[in-house]
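**Q** I have a structure here, written as structure tokens, and I will follow up with some questions on it.
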């Protein structure tokens with residue numbers, strides 16, 4: 001996920017399914033992925049959750065019922081997802097979203113393993129701070 005280049009798959013269609021709470025991505029190659037709001041929130045690329053280096057990550061908990069409130073484009077390389085828990089500081093680049101689609105089962109299994117190892121819960125949020133109010137929610 002070094003960045004966007006000419007080989008980065010760019011979605012030809014992005015749909016937010018409110019009932020199933022999933023983001024659907026379609027590509028010219030015929031690939032199609034559905035990523036749950038919970039998955040996308042848990043794997044937010046924001047520094048708030050990822051930290052600024054290896055070992056600084058904060059395990060995201062209590063995100064089972066989170067929803068994507070809206071999607072905002074960021075240039076021609078990413079989208080910002082605004083979540084119902086107030087989180088709005090992760091920029092989801094095309095390469096990141098494609099990687100998530102290709103590897104979501106392995107990523108999710110690893111997340112559940114880590115959650116179990118740390119005694120975390122998908123239902124009880126022990127990691128969120130109040131909404132930061134900063135990032136893509138401010139760039140209109």
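What follows is calculated from the coordinates using simple rules that are stated; it is not laboratory data. Everything quoted here is computed from the prediction, not taken from an experiment. All Cβ positions, glycine included, derive from the backbone under ideal geometry; neighbour counts span all protein chains shown.
**Q** Among (1) touching a residue at least 40 places away in the same chain (Cβ under 8 Å); (2) touching a strand residue (DSSP E or B) at 6+ places or on another chain (Cβ under 8 Å); (3) surrounded by fewer than 19 Cβ atoms within 10 Å (Cβ to Cβ); (4) over 22 Å from residue 120 (Cα atoms), where does residue 17 come up short?
**A** (1)
**Q** If you scan segment 34-63, which residues turn out to be touching a residue at least 60 places away in the same chain (Cβ under 8 Å) and either within 13 Å of residue 21 (Cβ to Cβ) or touching a helix residue (DSSP H, G or I) at 6+ places or on another chain (Cβ under 8 Å) (or both)?
**A** Result: 35, 38, 39, 40, 42, 43, 58, 59, 60, 61, 63.
**Q** So which of 24, 67 ends up being surrounded by 13 or more Cβ atoms within 10 Å (Cβ to Cβ), touching a strand residue (DSSP E or B) at 6+ places or on another chain (Cβ under 9 Å) and free of Cβ contacts under 8 Å to residues at least 12 places away in the same chain?
**A** None of the other options fit; the residue is 24.
**Q** Okay, next question. Of the residues 98, 103, which single one is within 24 Å of residue 7 (Cα to Cα), more than 12 Å from the chain's Cα centre (by Cα) and not in a loop (DSSP other than H, G, I, E, B)?
**A** On the way: 98 fails: more than 12 Å from the chain's Cα centre (by Cα).
That would be 103, the only listed residue that is within 24 Å of residue 7 (Cα to Cα), more than 12 Å from the chain's Cα centre (by Cα) and not in a loop (DSSP other than H, G, I, E, B).
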